[in-house]
Structures are given as C-alpha cells and as structure tokens.
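Reading through the structure tokens given below for one structure.
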Amino acid sequence: MKIKNMVLGFSLFLGAFFLTTIPVFAADYVGSGQFPAGQSVRWKFTGFSGGYESHANISMGRWHTYTDVSMLKVTSNEDIKVTVGNWGITAWYGIAYICDIYGNCDNTTAWSNTFASCDLDYNAYFTATSAEKENTFMHEAGHCLSLGHRDNVGSIMDPDRSSQTWLNATDKTLINNRY
Ligand SMILES: [Zn+2]
C-alpha cells in the first residue's frame with residue numbers, strides 16, 4: 001500500500017500484476033490527515049548526496065516558494081526524512097511512507113490522522129535526468145504533505161514520472177487549503 005511514483009514501462013517486463021496492485025489514488029488528498037498547519041515542515045536529507053541533495057533542495061524549495069507551506073531543512077528532529085539509496089529494481093522511483101502521531105503507518109488510518117513522520121525514499125538504481133530527479137522528489141514530497149494522485153495535465157501528482165518540475169494551479173490550491 002505504499003504510495004509510489006510509478007516506473008514508466010515497468011509493466012513491460014513484469015506484466016499487468018503491478019499495474020493492478022499499485023494503488024492509484026484518484027482523490028485529491030491521500031486522506032484527511034496532514035502535518036500540523038501553521039508551523040514549518042522540517043525535512044532532512046540522508047543517503048547518497050552527490051548528484052541528489054542539490055536536487056532535493058530545489059524540489060523542497062519549490063513547495064516552499066510557491067505554496068503556503070514553510071519547508072525547513074534540518075539535521076535532526078525532522079518531519080520528512082529524505083533518503084537516497086539503491087534498492088535495485090523496484091516498481092517505484094520514489095516512495096512516501098507516512099506514520100501518524102498514534103503509531104499507525106502506511107494505511108488509511110495514518111493518512112487521516114495528524115502526520116508524525118514521512119519517509120521519502122528515492123531509488124537511485126534508476127538513471128534520471130536532473131528534471132526527473134526533481135519531479136520525483138517534488139511528487140513524493142506532495143504525498144508527504146497530504147496530496148494524492150491526480151492525472152490531470154500538468155499536476156506534479158501525476159503518478160508517472162516525467163520531466164515536469166513545476167506545480168500547477170491545482171497543486172498549489174490544494175496545499176494552500178491545508179497549510
Ligand atoms: Zn505517487
């Protein structure tokens with residue numbers, strides 16, 4: 001039940017199994033939960049820094065600059081832990097794993113309570129352009145902030161990875177309505 005930025009073309013060699021088991025959230029939000037509004041959402045970077053951390057900085061900076069969310073980079077006591085590692089061949093480029101303040105994780109209960117943490121994992125196994133890296137960081141951060149998948153043109157929450165590195169008007173409105 002992890003929330004994924006899906007690998008385009010993965011079904012070509014794994015069949016339809018993953019297509020039918022990867023959850024795609026049609027709702028604008030993952031649930032009714034979120035990190036507390038009115039305070040900074042703190043994030044920390046861990047893992048492979050070379051070639052990635054600068055793009056994570058840019059990606060978090062876009063949410064900070066273009067929406068009402070205050071994103072603050074920290075080295076401890078983080079809300080969002082961004083980890084870049086090599087997980088080998090997976091069905092995802094990035095994953096957002098949410099736990100709520102009651103200890104529920106990665107399920108509808110957690111997504112509908114106040115978030116306590118979000119693990120944002122980026123799989124460096126797959127090669128990616130700078131824009132694709134930022135697309136994935138931005139997309140998964142959107143999940144960490146409460147957004148579900150949306151397939152409308154130009155949304156950063158489209159589940160397929162692309163080179164898009166901007167937030168569309170709906171992305172901004174949905175976040176501003178919560179933070
Ligand atoms: Zn996703």
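The values are calculated or read from the model by the stated rules, or taken from the named source; none is laboratory data. Predicted model only: the values in this text are computed from it and were never measured. Neighbour counts run over all protein chains shown; Cβ positions are idealised from the backbone, glycine included.
Miscellaneous remarks
- Note on segment 99-109: residues that are modelled with pLDDT of 95 or more and either within 16 Å of the ligand (Cβ to nearest atom) or touching a helix residue (DSSP H, G or I) at 6+ places or on another chain (Cβ under 7 Å) (or both) amount to 3.
- Verdict on Thr114 being more than 17 Å from Arg178 (Cβ to Cβ) and surrounded by fewer than 19 Cβ atoms within 10 Å (Cβ to Cβ): no
- Every residue from segment 136-154 that is under 13 Å from the mean Cα position of the chain (by Cα) and more than 11 Å from the ligand (Cβ to nearest atom): Phe137, Leu145, Ser146
- Of the set (1) more than 15 Å from the chain's Cα centre (by Cα); (2) crowded, with 22+ Cβ neighbours inside 10 Å; (3) in a loop (DSSP other than H, G, I, E, B), all apply to Thr127 but (2).
- Sole exception among (1) more than 16 Å from the ligand (Cβ to nearest atom); (2) not in a strand (DSSP E or B) for Ser117, by number: (2)
- Residues satisfying the stated conditions in segment 64-92, i.e. within 15 Å of the ligand (Cβ to nearest atom) and out of contact with any Phe, Trp or Tyr (no Cβ under 6 Å at 6 or more places or on another chain): Thr90, Trp92
- Evaluation of Thr129 against the conditions (1) modelled with pLDDT of 95 or more; (2) over 21 Å from Ser49 (Cβ atoms); (3) more than 12 Å from the ligand (Cβ to nearest atom) shows that the sole unmet condition is (2).
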